[in-house]
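A quick write-up on the structure given underneath.
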Amino acid sequence: MEYLAIFPPLVGFLMAFLFGRQMGDKGAQLITCSGVIIAAFVSCVLFVQVIFGHDGHGDPRTVHLMQWMASGDFKINWALRVDQLAVVMMCVVNIVSSCVHVYSVGYMSHDKCKARFMAYLSLFTFAMLMLVTADNLVQLFFGWEGVGVASYLLIGFWNHKDSANAAAIKAFVVNRVGDFGLALGIFAAFVVFGTVQFDAMFEMAASKADATMTFFGQDFHAITVIALLLFMGAMGKSAQLGLHTWLPDAMEGPTPVSALIHAATMVTAGVFLVARMSPVFEYAPNALLVVTLVGAATAFVAATIGMTQFDIKRVIAYSTMSQLGYMFFALGVSAYGAAIFHLMTHAFFKALLFLGAGSVIHAMSNEQDMRKMGGIWKKIPTTYVLMWIGSLALAGMPFFAGYYSKDIILEAAYADHTWFGELAYYLGIAAAVMTAFYSARLLFMTFHGKPRADKHTMDHVHESPPTMLTPLMILGTGALFAGYLFYDKFVGHHQIWQDSIFVLPENDTVEAAHHVPYWVKKLPIVAGALGLVLGWVFYLKFVGLPSVFTKVFKPLHTLFYNKWYFDEIYNAVFVKPAAAFGRVFWATDRNVVDGLGPDGVAKTSRGFGAMLSKFQTGYVFQYAFVMIIGLIAIISWFFFKLTNGQG
């Protein structure tokens, strides 16, 4: 059964990619959609078996496929680790991917390369499934890089656009920075533990709690070094502050790609990695401190940027980055279950928002600028209602899915009773106000007010076809009920995680979160409600207020609008110097290496040949003259050698 939850997307990819022309677009769409739907259904069955099997005690299992590589005593098996954490991720990945696949049938109906697009979606899904079911760090790295390659192909799918090509390259390069840290972390883990197998490492983690290792010529706490290097990889994939610049640019890909990458798959890989490695991170308190601070800063900074953007997909992209920040500071205070809970609920409402935005773009003749929308809610009522559901879940309003998962994260941060936990709590509250504000801003600018599009566009505004709306309704159901249904199992008193997540007893902030003061629990609701009210005031009641505030707080608005100048700083510090070095090396290669090497030899040969060609005149007397000169030269050489020899 485990095979049917993992490999159908791979079969769909191979069939659509290799035989797409023979099958036709409809055949490719049918086989890829069928593959992920089968995988999603089987994942749900596995969820019930693994979590509730054996009389409710759980039935995790590891399925051995084959020996992957062996070098002396070092052996790595290819196996599927299907425990509680993995099966939750499998359900999330396959369900969201199924919705995206079906949605793409309608959204990409006018594209010329439907089979190739569907193949890439299935490849992405399979790579993510390989990542979440990995039984060791090397297999995880295989899935990790597979996700990176597939995301490059999907972001740059419309390769006729220079902006899409640049965005794909940027995503690939920025992620390579993080992946370099991940690779070093895997090497360090092998040095310390002597293995990369999860079970073996986790068993030894406590005994290695005080071990040290030499890094850059200095002795450091070994577990902390491993944890920080692994977190560096997580920062790249999950777009944490510093390695986040690829995420908004990834909006150049088709909207289904945005939903797949930014909802449940690629960006959550880093969250999964830290949760999977919880037995290691628990013995690295300094690493957890770094994770908390980076996550809190990411949540806050991304929210400030999201308030000022006008591209509907970019607003949602920055909200993704902000919500990932919440997940990471939950991980940093050892609330791993809360982080995965928010990962799951976020997958539903964020995929809903991205696909809903795609429905709006589809209705508005590919327009993405919210300043050119407005007054369309009556023309696309189903999309409008579903976007409200997704936005209220994102804002953490009772009793939507995001309310349950976001609140437990904030409560756990406060319950950690550390200075960085409390800092994360208050930055999270500030981000909650801004999240609700830009959610309301998106809704009111897009659907309400006077129409700002031209008459031709407004006349053609229409609701999306059933192939696009049905996945939205499925995701909307998750955004409504997933938080309530799974609260107790994920973060309540009957948690499902068992051995798949490890928390030291003194670090159990999820349990402590249930006993925080009343005001700590209610402040996030007040923050969300305040943000929604402010959005209504600014963008529906007094529509002139935004321009007034922009003028009054111009320096701050400019900072936020320009994304804190991260791109400009990186361009000045890294891109331009690298390009300058590249030009120098290119000039050296052309003028010195090639000039003195193959090009120089060729030029000399051509010159010598040109000189000899001057004697090819066709006159016999000239040939005789050359022969006489040659004969005299040879005789002179022999005479010279003979004279020197006698001397």
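For this structure, a couple of remarks:
- Evaluated with a Cβ-only charge set (Lys, Arg +1; Asp, Glu -1), the chain carries a dipole of roughly 2600 debye about its Cα centre, given to the nearest 20.
- Each residue of segment 280-288 is assigned a 3J(HN,Hα), and the resulting list reads 7, 4, 4, 9, 10, x, 5, 5, 5 Hz, derived from the Karplus form 6.51 cos²θ - 1.76 cosθ + 1.60 (θ = phi - 60°), x at Gly and Pro.
- Pairs beyond 30 Å (Cα-Cα), from Lys372/Lys554; Lys350/Lys563; Lys161/Lys378; Lys161/Lys372; Lys161/Lys237; Lys379/Lys541: Lys161/Lys378
- Helical contribution to [θ] at 222 nm, DSSP H n ≥ 4, -39,500 (n - 2.57), averaged over the chain, rounded to 500: -23500 deg cm²/dmol
- The residue list Ile361, Leu443, Leu423 was ranked by how far each Cα lies along the charge dipole of the chain toward its positive end, using unit charges on Cβ atoms, and Ile361 comes out on top.
- Label reach from Thr467 (point 7 Å along Cα→C-beta): in segment 3-26, amide nitrogens under 20 Å belong to 9, 12-26.
- Gyration tensor verdict on segment 1-67 (Cα atoms; rounded if a/c is under 1.5, prolate if a/b is larger than b/c, oblate otherwise): oblate
- Residues Asn286 and Lys75, FRET efficiency given R0 of 41 Å [Cβ-Cβ distance, rounded to 0.05]: 0.80
- Within-12-Å neighbourhood charge of Gln197 [Cβ basis; K, R +1; D, E -1]: -1
- Theoretical FRET efficiency, 1/(1+(r/R0)^6), r = Cβ-Cβ of Leu596 and Lys554, R0 45 Å, to 0.05: 0.20
- Residue-by-residue Karplus 3J(HN,Hα) for segment 293-309, coefficients 6.51, -1.76, 1.60, Hz, glycine and proline x: 5, 5, x, 5, 5, 5, 4, 6, 5, 4, 5, 5, 6, x, 5, 10, 7
- Charges were assigned to the Cβ only: +1 to each Lys and Arg, -1 to each Asp and Glu. The resulting dipole of segment 469-526 about its Cα centre is roughly 340 debye.
- Nonlocal amide H pairs with Trp68, under 5 Å, H built at 1.01 Å: Ile76, Asn77, Trp78
- Distance between the modelled labels on Leu545 and Asp459, one decimal in nanometres: 3.7 nm (7 Å Cα→Cβ projection).
- The stretch between Phe52 and Asp162 holds 34.6 nm of extra length on full extension. This uses 0.36 nm per residue minus the Cα-Cα distance.
- The mean accessible area for residues of the chain, using a 1.4 Å probe and ignoring ligands and nucleic acids, is 43 Å² per residue.
- Residues Phe399 and Asp508, FRET efficiency given R0 of 35 Å [Cβ-Cβ distance, rounded to 0.05]: 0.85
- This model, with +1 at the C-beta of Lys and Arg and -1 at the C-beta of Asp and Glu, gives segment 382-482 a dipole about its Cα centre of some 380 debye.
- From the alpha carbon centroid of segment 111-157 to that of segment 188-261 is 19 Å.
- Within segment 77-91, backbone nitrogen closer than 13 Å to the virtual label 7 Å beyond the Cα of Arg61 toward Cβ: 80-83
- Distance between the 7 Å Cα→Cβ label points at His417 and Lys603: 7.7 nm.
- Computed in the context of the full set of protein chains, the accessible area of segment 330-426 at 1.4 Å probe radius has 61% of its extent on carbon or sulfur.
The values are calculated or read from the model by the stated rules, or taken from the named source; none is laboratory data. This structure is a prediction, so every number in the text was calculated from the model and none was measured. Positions of Cβ are generated from backbone atoms using ideal geometry, with glycine treated the same way; all protein chains shown enter the neighbour counts. The accessibility values were calculated without ligands, DNA or RNA, using every heavy atom of the protein model including side chains. Shrake-Rupley method; radii C 1.70, N 1.55, O 1.52, S 1.80 Å.
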